[in-house]
Each structure stands twice: as C-alpha cells, then as structure tokens.
Amino acid sequence: MLSPASPLAAAPSEREAQARLDALGEEILAASGRLSTTREARDEASEALREVETALAETHRRLDALQAERRALNDEIADLEARRERLADERREQLESLEVQLEAFYRLGLTPQLKLLLNQDDPARLDRLQHYLNRLARARHERLDRLERLESELDDTRQALAERGERLEAVTATLAERSATLAEQSAERTALVATLDERFASEQSRLATLAQDRAHAERTLREVQERLASLERPPPSTAIEETRGELPWPVQGTIASSFRNGEGVHLNGLVIRAAEGTPVTAVHPGRVVFADWMRGFGNLLIVDHGDRVMTLHAHLQRFSAGVGSAVSRGDALGAVGASGGQGQPGLYFEVRRNGQPIDPRGWIASRP
C-alpha cells in the first residue's frame, strides 16, 4: 500500500486541485461581472478620470503587445537575413563545384564514351573510366538539383523577408499612432487630476473625500469576499500560511507609507514608490478575482490565494493578468502606475485575511 507521503499517492489530488482551479476561473469571472458598484464615481470629473485611466491602461497594454511583436519581427528578420546569406554562400559553392565538373567534362570532349570505345584500350581501364564518367554525371545532376532547390529556398526567404518587412512597417506606424494617443490621454489625465485637486477648499474637505473613498472601497472588498465565499467550489488552499515571512516583494522600491500610517485607501497597506512601468509580480500562487478600475485605487488587481487570504495591488498602469487567471509566484500582474489620480507612480499593496487587512510586512521576507 502506498504511503500518504508517496509522490504517486499525491498525484491524483494535485490533478483534482488543478481541475478545481480551472473550473473556479469561470465562476470568478461571472461573479466579478456582477460587481457593478466598483464603477461608481462621485462626480463627472472623477467619472472622466476613470474613463481616461481605463483607456490609458488599454493603450499601455496595446503598446506592450506591439513592441513585443516588433521585437519578434526584428528577430525573425535577423534570422531570415542570416539564412539568406547561408543559402547564397552555399549557392556560390555549388556553382563553383559545378564549374569544376563541367570543365572536367570539357577536357574529355563532347563524346568521351565514344572516344574510349574507339581507342580500344584495356577493358579494365575502360570500365574504370566509364565508372568515373558515370560518377561525374551523377554529381553534376545532383549539383543541378541542389542549385534548383537553393534557388527556390532563396526565393521563399526573399518573400518571407518582404512580408516581415511590410508587417514591421505596419507595426511601427501603429506604434507611432498609439504613442500619440498615449500622449493625448496622459495630457487629458493630468488636466483631470488638477481639476479634482482644485475641488478641495481645505485640508478637512480633502480628508473627508479620502474617508469616503476608503468606505466605498471597504464595501466593495466585502462584496468581493462574499462572492468568493458563496462560490460552490471555494478557492483551494495554496498553503500561503506556511510561507508567512518568506514571501517576495511584489515590486522593489521605497516605502512611502506603511500599514496604519497612510491616508484614505492607503491606510491598510503599503505604498511602494517605484518607476512607472516597473513590473508588479505575484507574491504567491492564486487566482485573479478582480481586475478593474476602482474609486481611490485606480486600476486594482486582487489575487485570492485560498485560505481566505487575498493580496491587493492598486494604482497599476496596466493589467498583465485577467479575471479568473491562475498565477504563480513571480508571474506578472501589471505595471507600476499612478492611476486613481495619484500625483506620482507607486504600488499600493495590501494583504487581507478573512476580509480584514493585516500588516504586509508580517508576510514579506525583508524590506525591498
């Protein structure tokens, strides 16, 4: 009988857990679609901010995809250029060899077989010479066939290079258009943030607004937790409790505000300053259960790790993972941004257990 610790005994349960994860993704996606309250805005200005920051996230995502495609096309073109050079070199070698063979035939004359027969030399010698002539003829035909194949491969390579070149031009043009759109959207966002900041007649009104944002966020996060709890197949355990104090940082940077020392939605986590566009990664395996714009948080992504533990990643520039996606430790979730009307880029990171915020530094290995 297999021991419970045996790898063979553990395999079926691992497969079952993976099947549950895959099925859970569809349920989470449907549940997330019902969280309509996340899109509420206080006024027209904040609603406009939501729209432009959502559009900015999509533009950044598309730019990333286009730049990746351009890099891939450049690599393909470099490989094709190298292949074309190799084929051209081989073609030259084949032509040189064929030239040597033709010269040998020329020295023998136009009808070497007839000359051999008329000379009436030793039969053994005649047989050797005939064998040599046959080999020369076969080699010539092989060279000609190889040259024909090389010509065809060269034509195919030239055609592929032309097609990749045309696609590269199209991608470059689209990149330029997207970059111009990005500049326009960024300028529009800057103006909107300034408009939102002008609303605060005093520090008291600013703090009141931040308190409203936090209250709204708490309501929505409770709803996310309730949706997960009501799923027929709750998220399976990822043993996150066993990794407490050993988790990696989601991004390397400087802590701008710590747990219980921040303002508004930042009260319950850490604000980590980092350059805009810096990748944000998952600290532990889990499922993306939320990826959307939320008042106060901007572009917010939530990963559920099972065992009623969730991590929140806010103010993202863009998303790299969608709702329902399974993520592993170190997988890209998005990029550092300043969405949610922030004045400078950074990541807001929060850990929740049983719906309650806890200090992330009790879970993460060391200061970044």
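The values are calculated or read from the model by the stated rules, or taken from the named source; none is laboratory data. All of these numbers come straight from a predicted model, not from anything done at the bench. Note: ideal-geometry Cβ built from the backbone for every residue, glycine included; neighbour counts use all protein chains shown. Side chains are part of the model used for accessible areas, which takes the heavy atoms of the whole protein and leaves out ligands, DNA and RNA. Shrake-Rupley method; radii C 1.70, N 1.55, O 1.52, S 1.80 Å.
Checked against the criterion of being within 18 Å of the chain's Cα centre (by Cα) and over 20 Å from residue 364 (Cβ atoms), the candidates 286, 296, 277, 264 yield just one match: 277. In the range 238-276, of all residues being touching a His at 6+ places or on another chain (Cβ under 8 Å) and farther than 12 Å from residue 349 by Cα, the one that is modelled with the highest pLDDT corresponds to 247. Listed by first and then second residue, the pairs linking a residue in the range 205-224 that is small (Gly, Ala, Ser) to a residue that is at pLDDT 80 or above, with Cβ atoms under 8 Å apart and 6 or more places separating them unless they lie on different chains, are 217/265; 217/294; 217/295; 217/296; 217/297.
Residue by residue, here is whether (1) at pLDDT 75 or above; (2) of a type in the set (A, V, I, L, M, F, W, C); (3) farther than 29 Å from residue 56 by Cα holds:
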residue	(1), (2), (3)
175	yes, yes, no
218	yes, no, no
224	yes, yes, no
230	no, no, yes
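Within the range 138-174, count every residue that is more than 15 Å from residue 77 (Cα to Cα), touching a helix residue (DSSP H, G or I) at 6+ places or on another chain (Cβ under 7 Å) and among the basic types (Lys, Arg). Total meeting the criteria: 3.
For the range 76-92, check the following and say yes or no: at least one residue is closer than 30 Å to residue 279 by Cα, acidic (Asp, Glu), at pLDDT 65 or above and open to solvent by 60 Å² or more (accessible area, probe 1.4 Å). Yes, the conditions are met somewhere in the range 76-92.
The rows are residues; the columns are (1) of a type in the set (Ser, Thr, Tyr); (2) within 18 Å of residue 251 (Cβ to Cβ); (3) open to solvent by less than 50 Å² (accessible area, probe 1.4 Å).
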site	(1), (2), (3)
341	no, no, yes
344	no, yes, no
347	no, yes, yes
357	no, no, yes
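May I ask you to verify whether residue 143 is open to solvent by less than 90 Å² (accessible area, probe 1.4 Å), within 42 Å of the chain's Cα centre (by Cα) and modelled with pLDDT of 65 or more? So residue 143 fails the test. The residues in the range 162-184 that are within 22 Å of the chain's Cα centre (by Cα) and among the acidic types (Asp, Glu) can be counted, and the count is 1.
Return the only residue of 315, 305 being out of contact with any helix residue (DSSP H, G or I) (no Cβ under 9 Å at 6 or more places or on another chain) and open to solvent by less than 10 Å² (accessible area, probe 1.4 Å). Can you show your working first?
Details: 305 fails: out of contact with any helix residue (DSSP H, G or I) (no Cβ under 9 Å at 6 or more places or on another chain).
None of the other options fit; the residue is 315.
For the range 235-264, give me each residue that is open to solvent by 10 Å² or more (accessible area, probe 1.4 Å) and either basic (Lys, Arg) or closer than 26 Å to residue 56 by Cβ (or both). Don't jump to the end; show me each part of the working.
Initially, the range 235-264 is screened for residues open to solvent by 10 Å² or more (accessible area, probe 1.4 Å), giving 235-239, 241-246, 248-249, 252-263.
Across the range 235-264, the qualifying residues are 244, 249, 252, 253, 254, 255, 256, 257, 260, 262, 263.
All conditions but one from (1) open to solvent by less than 20 Å² (accessible area, probe 1.4 Å); (2) at pLDDT below 95; (3) part of a strand (DSSP E or B) apply to residue 284; the one that does not is (3).
Would you mind stating whether residue 326 is free of Cβ contacts under 8 Å to residues at least 40 places away in the same chain and open to solvent by 10 Å² or more (accessible area, probe 1.4 Å)? Here the answer is no, as residue 326 does not meet what is asked.
Look at the range 65-85: where a residue is within 13 Å of residue 167 (Cβ to Cβ) and among the aliphatic types (A, V, I, L, M) and a partner is open to solvent by 50 Å² or more (accessible area, probe 1.4 Å) and assigned to a helix (DSSP H, G or I), sitting 6+ places away or on another chain with Cβ atoms under 8 Å, you get 66/178; 73/164; 73/167; 77/164; 80/164.
Would you tally the residues in the range 320-336 being outside any loop (DSSP other than H, G, I, E, B) and at pLDDT 95 or above?
5
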